[in-house]
1. Among (1) at pLDDT below 85; (2) more than 13 Å from the chain's Cα centre (by Cα), there is one condition ALA24 misses while meeting the rest; what is its number?
2. Given the conditions (1) in contact with a Gly (Cβ under 6 Å, 6 or more places away or on another chain); (2) in contact (Cβ under 8 Å) with a residue 12 or more places away in the chain; (3) assigned to a loop (DSSP other than H, G, I, E, B), report the number of the one that GLY9 does not fulfil.
3. Limited to the range 58-76, what total is found for residues that are at pLDDT 85 or above and surrounded by fewer than 17 Cβ atoms within 10 Å (Cβ to Cβ)?
4. Which residues, counting only those in the range 12-29, are over 17 Å from VAL79 (Cβ atoms), open to solvent by 60 Å² or more (accessible area, probe 1.4 Å) and in a loop (DSSP other than H, G, I, E, B)?
5. Filter the range 77-105 down to residues that are open to solvent by 50 Å² or more (accessible area, probe 1.4 Å) and aliphatic (A, V, I, L, M), then give me how many there are.
6. Looking at the range 30-53, which of its residues are free of Cβ contacts under 8 Å to residues at least 40 places away in the same chain, buried (at least 16 other Cβ atoms within 10 Å of the Cβ) and not aliphatic (A, V, I, L, M)?
Amino acid sequence: YSFLIGSEGSIFEGRGFNRKGAHAGPRFNGISYGIAFIGDFTSTSPSSRAIEAYNRLVDAWSLWEKFPSDYKMKGHRQVRDTSCPGSTLYSALTRWRNYVRTFSM
């Protein structure tokens, strides 16, 4: 993952901006950043602090011009054969800004 977010709202750098990710398979690794929430979100949601940290992170990326403000956000299960990010978190993120169901990027 490029970045990871803890339940207390801490943001940790994984591979960061300057290294190709290994989070989304060959089709998407070179054209995406991966953000992981630390924990199991099969039946619970990330804390409000963690979600606030996610929003601060993507807002900063837009300001730093790491990607455009009209970026496309997807859940991990949309690009890999996985149950990640967990059913509860995935259901929530389908309502977050810039979420898209389609695979075109």
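1. All conditions are met except number (2).
2. Of (1) in contact with a Gly (Cβ under 6 Å, 6 or more places away or on another chain); (2) in contact (Cβ under 8 Å) with a residue 12 or more places away in the chain; (3) assigned to a loop (DSSP other than H, G, I, E, B), only one is false for GLY9: (1).
3. Selection size over the range 58-76: 4.
4. Hits for the range 12-29 are ASN18, ARG19.
5. 1
6. TYR33, GLY39
So that you can scan it fast, the table gives a plain yes or no per residue for (1) among the hydroxyl-bearing types (Ser, Thr, Tyr); (2) more than 13 Å from the chain's Cα centre (by Cα):
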site: ARG19; (1), (2): no, yes
site: ALA36; (1), (2): no, no
site: SER45; (1), (2): yes, yes
site: SER48; (1), (2): yes, yes
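The values are calculated or read from the model by the stated rules, or taken from the named source; none is laboratory data. Not measured: the values here are computed from a predicted model. Positions of Cβ are generated from backbone atoms using ideal geometry, with glycine treated the same way; all protein chains shown enter the neighbour counts. Heads up: the accessible areas ignore ligands, DNA and RNA and are worked out on the full protein's heavy atoms, side chains in. Shrake-Rupley method; radii C 1.70, N 1.55, O 1.52, S 1.80 Å.
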